[in-house]
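The structure appears right after this line, and notes come after that.
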Amino acid sequence: MQPGQASRLAEWISRYGLLLALVLLAGLLSCLTPNFATAQNLLIVLRQISINGILAVGVTYVLLTGGVDLSLGSVVALTGVVAAGFAHPGEYPVILAVLVGILAGSGCGLVNGLIVTRGKVAPFIVTLGMLTVARGLALVVSGGRPVSNLSSSFTVLGGGAIIGIPIPVLILCVVAFASHVFLKRTRPGRYIYAVGGNEAAAYASGINVTAVKTLAYAVCGGLAGLAGIVLAARITTGQPNAGIAYELDAIAAAVIGGTSLSGGVGGIVGTLLGALLMGVLNNGLDLMNVSSYWQQIVKGLIIVGAVWFDQKGRR
Amino acid sequence: MRSDVRTTEEVESFLRIRGLTKAFPGVRALDDVDLDLKPGEVHVLIGENGAGKSTLMKLVAGLECPDSGEISKQGRVLRMRNPHDAIRLGIAMIHQELMPFRQMTVAENILIGQEPVQFGVWIDRKGLLQGAARVLGRLKCAISPERLLGELSLAEMQLVEIARALAQDADVIVMDEPTSSLSKTEVAALFEVIRDLQQRGATILYTSHKMEEVFEIGDRVTVLRDGRRVTTLKVDDASEEELIQAMVGRELTLVSSRAKGRGAGPLLTVHNLSRKGGFEKLSFQVNAGEILGFAGLMGAGRTAVVNALFGLEPADRGEIQIGDRRLRIRCPQDAIRHGIGLVSEDRRRLGLVPQMSVRSNLTLANLKAYSRRGFVDVAAESRITAEQVHSLGIKSAGQEQPVAFLSGGNQQKVVLSRMLLICPSVLLLDEPTRGIDVGAKSEIHGLIRKLASDGLGVLLVSSELPELLALSDRLLVMRNGRLVAELDPERTSQEEVMGHAMLR
């Protein structure tokens, strides 16, 4: 093969490989099980990935700056119980519950961001601390009990649908679209890539690195708050024990989608494809009655395999 | 079967390179190159940035794999998939950016990967120190093997790297611009080591950007241009003009007369500026339309001064004024806002965002000017990029190409262009032509002059005296963090400048 061809092929694979894998997987599943390629099932897949999708979009911001957020699952629980506390029937308008939930989430993110930037503590440590603190706060706020008796105008956010499309899916679409535009088209978005690509050079170009990083953590936390609201609405209670290990699925989706853990490379389109791949795989294995034990093994292999393949394509 | 009859050619050529080709996305870095290294020769490789020198060296040292072509040593074809293979085959590389383990001792660095062991596991510390001392002794080098590498000077680290190559029994040593960060005395010491290695039979492949080095250390010289070999000559038969012409492929006007833009008032005034551990009580001014040169040895504090003026390492005391306004510069953002731009000596760390495109890198410091209500105006961005690419002659495979794939000279132009886009009134240039080939160098010289004649104040730090003398309107000399002399470049000599710069 000509050298030029080889590198073009590598470029093509690193750009479209994931999409190709997704299409192949979907094709395979439609052959193997008749129930896969139905409109109803595909909507189920989308609804299943919506919460992980929102979290994965959020964590993409942080990963792009070269950081990481391990506290997402706990923030989901905290914001879920906080929002649920404002969502009892006849007390407050539902928009208030939503706002409070998102604010609580971005508050956690803001604290993460400020300690990372001002305190110069490694993101891994800071967000590991937040993982415990937010979980504790969720238990304190709720007294350790599920917050139930939620208004129907709140629970519709998790269970409702508009013209047949589940509301969580619509929320994910809006969040993903807005984030894609933000990261690719706005000045702060460009700065997020620059900071992750070479922090010292970004600083020497007059970019306020502290603000950019803090923003990324705050947005990530806010989106975790939104995910917490959707989850509480779907299970109709604010559960202080919800969301355990959700951050790992979110990071996995972003990384499968080609976002680099060292920052500066990746994006929302990849992250969505990553989340979709994980969702389709789960769903397909469910339909084929593969035990959930085995599903975990397959998921782990896919995470490592996808990144391995991606790196080979880059080289 | 050691007694086979060898043809004369095989004896003559110790390392034989045939048809070597390597492409990267968008560039054919090396194109069908043949080269023969004779045993015990110092073979110098020269060429403009992007000519393929670094690629050729990386292929020889196993850091990259060729797309086609082969390398054979003493008649045996080498298959190298990584540097480890190369080392096993007796080929070692001394890198341009040294890659040693700073938190380990000199001895550990030298014998890395072949530490003497006892009982199969324990490292024999005494044996390690002795082994390292033996190698250092062969280099007539007085560095203690017990010191931490991080404490050494760049020149000493380089010697340690060479010692490592010796310890690995390398008989082909590849040196990628080994003198780019060394002082004059250190270069002389290095050359002595090279001659010594040569006498012991080592073959040395050496790249350089400095013409005088070719004549001082080289036996033969090969010129590369655009990934192809142009010519190979005996150094004794070659002339400087001939080599430069082969490199650039055109006639080259060297340094011409200086800009005569002085006379306007002071742009930047610095009064009693100090920074602990960097420089003390500096006072000087840069006038509009003037190039103010800063001479001095490495570590004299010149970089600390420009970094302070740009806010990277802010000054502790003293005043900085632009026009009549006193400024507080605490970070690069402050400096950029007041029209001060810096092209740093450390292009990789403080300049490039490697995975980002040429376009995004160019506009990074003044993105505000190319956006509306927070959204980047890609059309405006592309327009200004096209303009800059054209006026600075930046060669790339397009605006969207990541800058990581550009050659050093083109990367430097990108960083320089980024600072021009902030529309500075004062431009700080720290070693703007370091590691850049002759052609790009003269382009950048021309550009600096043009900027000054457009009314900018330029502060030029350079370790190349001919460059400083040719470009500067006034020349300041620093020593040990202090200003020690102001000279008129037209009436001084390199010797006089060095006399002020050296410690007494």
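The values are calculated or read from the model by the stated rules, or taken from the named source; none is laboratory data. Predicted model only: the values in this text are computed from it and were never measured. Glycine also receives a Cβ, built like all others from the backbone with ideal geometry; neighbour counts cover every protein chain displayed.
Here are some residues: B:Arg220, B:Arg225, B:Arg164. Which one is closer than 30 Å to B:Val248 by Cβ, surrounded by 17 or more Cβ atoms within 10 Å (Cβ to Cβ) and touching a Leu at 6+ places or on another chain (Cβ under 9 Å)? Unique residue meeting the criteria: B:Arg220.
Exactly one of (1) surrounded by 12 or more Cβ atoms within 10 Å (Cβ to Cβ); (2) under 28 Å from the mean Cα position of the chain (by Cα) is unmet by B:Pro116. Its number? Here B:Pro116 meets the rest and fails (2). Whether any residue in the stretch A:278-290 is on the phi < 0 side of the Ramachandran plot, outside any helix (DSSP H, G or I) and more than 14 Å from every other protein chain (Cβ to nearest Cβ) is what I want to check. Among the residues of the stretch A:278-290, at least one is on the phi < 0 side of the Ramachandran plot, outside any helix (DSSP H, G or I) and more than 14 Å from every other protein chain (Cβ to nearest Cβ), which makes the answer yes.
Of the residues in the stretch B:63-83, none is closer than 30 Å to B:Ile143 by Cα and surrounded by 19 or more Cβ atoms within 10 Å (Cβ to Cβ). Scanning the stretch B:335-346 for residues that are at the interface with another protein chain (Cβ under 9 Å from one of its Cβ atoms) and of a type outside the set (A, V, I, L, M, F, W, C), we see that the one that is surrounded by the most Cβ atoms within 10 Å (Cβ to Cβ) is B:Ser344. Comparison of A:Ser50, A:Ser7 shows that the only residue that is surrounded by 15 or more Cβ atoms within 10 Å (Cβ to Cβ), modelled with pLDDT under 95 and assigned to a helix (DSSP H, G or I) is A:Ser7. Can you find a residue in the stretch B:381-394 that is in contact (Cβ under 8 Å) with a residue 12 or more places away in the chain and part of a loop (DSSP other than H, G, I, E, B)? Yes: the stretch B:381-394 contains one or more residues that are in contact (Cβ under 8 Å) with a residue 12 or more places away in the chain and part of a loop (DSSP other than H, G, I, E, B). Take A:Ala134 and tell me if it is within 14 Å of chain B (Cβ to nearest Cβ) and either in a helix (DSSP H, G or I) or surrounded by fewer than 19 Cβ atoms within 10 Å (Cβ to Cβ) (or both). Here the answer is no, as A:Ala134 does not meet what is asked. Considering only residues in the stretch B:415-450 that are among the basic types (Lys, Arg) and more than 14 Å from B:Asp346 (Cβ to Cβ), the one that is farthest from the other protein chains (Cβ to nearest Cβ) turns out to be B:Arg449.
A quick yes/no check of all residues on (1) in contact (Cβ under 8 Å) with a residue 12 or more places away in the chain; (2) more than 16 Å from B:Val461 (Cβ to Cβ); (3) touching a Cys at 6+ places or on another chain (Cβ under 7 Å); (4) surrounded by fewer than 24 Cβ atoms within 10 Å (Cβ to Cβ):
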residue: B:Lys276; (1), (2), (3), (4): yes, yes, no, yes
residue: B:Lys281; (1), (2), (3), (4): yes, yes, no, yes
residue: B:Phe284; (1), (2), (3), (4): yes, no, no, yes
residue: B:Gly289; (1), (2), (3), (4): yes, yes, no, yes
residue: B:Phe294; (1), (2), (3), (4): yes, no, no, no
residue: B:Leu297; (1), (2), (3), (4): yes, no, no, yes
residue: B:Val305; (1), (2), (3), (4): yes, no, no, no
residue: B:Ala308; (1), (2), (3), (4): yes, no, no, no
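Residues that are free of Cβ contacts under 8 Å to residues at least 40 places away in the same chain, assigned to a helix (DSSP H, G or I) and more than 12 Å from every other protein chain (Cβ to nearest Cβ) do occur in the stretch B:396-414.
Residue count for the stretch B:392-450 satisfying the condition of being buried (at least 21 other Cβ atoms within 10 Å of the Cβ), more than 20 Å from B:Asp226 (Cα to Cα) and small (Gly, Ala, Ser): 1. One residue stands out in the stretch B:355-381 among those that are within 10 Å of chain A (Cβ to nearest Cβ) and among the hydrophobic types (A, V, I, L, M, F, W, C): the one that is nearest to the chain's Cα centre (by Cα), namely B:Met356. Just checking, which of B:Glu151, B:Glu177, B:Glu146 is over 15 Å from B:Glu115 (Cα atoms) and surrounded by fewer than 21 Cβ atoms within 10 Å (Cβ to Cβ)? B:Glu151 is the lone residue from the list that is over 15 Å from B:Glu115 (Cα atoms) and surrounded by fewer than 21 Cβ atoms within 10 Å (Cβ to Cβ). Criterion first (out of contact with any helix residue (DSSP H, G or I) (no Cβ under 7 Å at 6 or more places or on another chain), within 27 Å of B:Leu297 (Cα to Cα) and acidic (Asp, Glu)) does B:Glu186 satisfy it? No: the conditions fail for B:Glu186. Per this entry, A:Asp249 is counted among residues that are among the acidic types (Asp, Glu) and within 18 Å of A:Ile51 (Cα to Cα). Checked across the stretch B:75-83, the condition of being within 18 Å of B:Ala202 (Cα to Cα) and either touching an Asp or Glu at 6+ places or on another chain (Cβ under 6 Å) or assigned to a helix (DSSP H, G or I) (or both) holds for at least one residue. Elements of the type helices (runs of 4 or more DSSP H) sitting completely within the stretch A:138-226 and holding at least 3 residues that are in contact with a Leu (Cβ under 9 Å, 6 or more places away or on another chain), surrounded by fewer than 23 Cβ atoms within 10 Å (Cβ to Cβ) and in contact (Cβ under 8 Å) with a residue 24 or more places away in the chain: these cover A:167-185.
The condition of being touching a residue at least 60 places away in the same chain (Cβ under 8 Å), in contact with a Phe, Trp or Tyr (Cβ under 8 Å, 6 or more places away or on another chain) and either more than 14 Å from chain B (Cβ to nearest Cβ) or closer than 27 Å to A:Trp308 by Cα (or both) does not hold for A:Ala254. Taking the conditions exactly as written (surrounded by 15 or more Cβ atoms within 10 Å (Cβ to Cβ) and under 18 Å from the mean Cα position of the chain (by Cα)), does A:Leu277 satisfy them or not? When the stated conditions are applied, A:Leu277 passes them. For A:Ile207, are the conditions met, namely being more than 20 Å from the chain's Cα centre (by Cα), more than 7 Å from chain B (Cβ to nearest Cβ) and farther than 13 Å from A:Val57 by Cα? So A:Ile207 passes the test.
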